[in-house]
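The values are calculated or read from the model by the stated rules, or taken from the named source; none is laboratory data. Remember, predicted model here, so these are calculated numbers, not experimental data. Here Cβ is always computed from backbone atoms with ideal geometry, including for glycine, and neighbour counts include all displayed protein chains. Only protein heavy atoms, including side chains, enter the accessible area calculation; ligands, DNA and RNA are left aside. Shrake-Rupley method; radii C 1.70, N 1.55, O 1.52, S 1.80 Å.
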Amino acid sequence: QVQLVESGGGLVQAGGSLRLSCAASGRTFSRYHMGWFRQAPGKEREFVAAISWGGGRTYYADSVKGRFTISRDNTKNTVYLQMNSLKPEDTAVYYCAASSTVDLKTSDLYYNYWGQGTQVTVSS
């Protein structure tokens, strides 16, 4: 069982930066691949970024590639999402999630545990 709590969301102007954090409970955090997803009003939840259990592999959605960076610190049971050059279309509730699959996945169907989400709003 893993419990996830996101933080770091807020209101930022276009071009600005935010860093989201996701703190996990439990002693097995390092066994899970971690992902960030987001959901904008009226839209389906979409993949943003994922990182393997050891941090050696990362995947990004094309829409955020080159602007967002996912990282993790297994000593702190925390995964991060550094978001730079933010755009109004990045506005959404951002969720972190944990996956126990063998391979790193980008589909939310493979993620077992979810946080409650944190709101990110980018003004133009």
Checklist outcome for this item: Scanning region 64-83 for residues that are polar (S, T, N, Q), open to solvent by 60 Å² or more (accessible area, probe 1.4 Å) and assigned to a loop (DSSP other than H, G, I, E, B) gives Thr75
Checklist outcome for this item: Taking region 51-80 and keeping only residues that are touching a Lys or Arg at 6+ places or on another chain (Cβ under 7 Å) and of a type in the set (A, V, I, L, M), one is left with Ile51, Val79
Checklist outcome for this item: Considering region 6-32, residues that are of a type outside the set (Gly, Ala, Ser) and within 11 Å of the chain's Cα centre (by Cα), and then whichever is farthest from Asn77 (Cα to Cα), we arrive at Arg19
Checklist entry - Of the residues that make up region 33-40, is at least one outside any strand (DSSP E or B), modelled with pLDDT of 95 or more and under 15 Å from the mean Cα position of the chain (by Cα)? => result yes
Checklist outcome for this item: So, first residue part of a helix (DSSP H, G or I) in region 108-124, second residue at pLDDT below 95 and open to solvent by less than 90 Å² (accessible area, probe 1.4 Å), Cβ within less than 7 Å, six or more apart or across chains; the pairs are Tyr110/Thr101
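Suppose we keep only residues that are touching a Lys or Arg at 6+ places or on another chain (Cβ under 9 Å) and of a type outside the set (Asp, Glu) within region 99-116. Which one would you say is nearest to Gly42 (Cα to Cα)?
Going through the qualifying residues, I end up with Tyr111.
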Next on the checklist: Looking at region 84-110 only, could you name the residues that are within 27 Å of Arg31 (Cα to Cα), out of contact with any helix residue (DSSP H, G or I) (no Cβ under 9 Å at 6 or more places or on another chain) and open to solvent by less than 10 Å² (accessible area, probe 1.4 Å)?
Outcome noted: Tyr94, Cys96
Checklist entry - Counting just the residues of region 32-46 that are among the basic types (Lys, Arg) and touching a strand residue (DSSP E or B) at 6+ places or on another chain (Cβ under 7 Å), which one comes out surrounded by the fewest Cβ atoms within 10 Å (Cβ to Cβ)? => result Arg45
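Can you pull out every residue in region 47-63 that is within 19 Å of Thr101 (Cα to Cα) and either of a type in the set (S, T, N, Q) or surrounded by 15 or more Cβ atoms within 10 Å (Cβ to Cβ) (or both)?
Residues of region 47-63 that are within 19 Å of Thr101 (Cα to Cα), as a first pass: 47-60.
Hits for region 47-63 are Phe47, Val48, Ala49, Ala50, Ile51, Ser52, Trp53, Gly55, Thr58, Tyr59, Tyr60.
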Item to check | Matching residues, region 1-31, being open to solvent by less than 40 Å² (accessible area, probe 1.4 Å), closer than 17 Å to Trp114 by Cβ and modelled with pLDDT of 95 or more | outcome: Leu4, Glu6, Gly8, Gly9, Leu20, Ser21, Cys22, Ala24
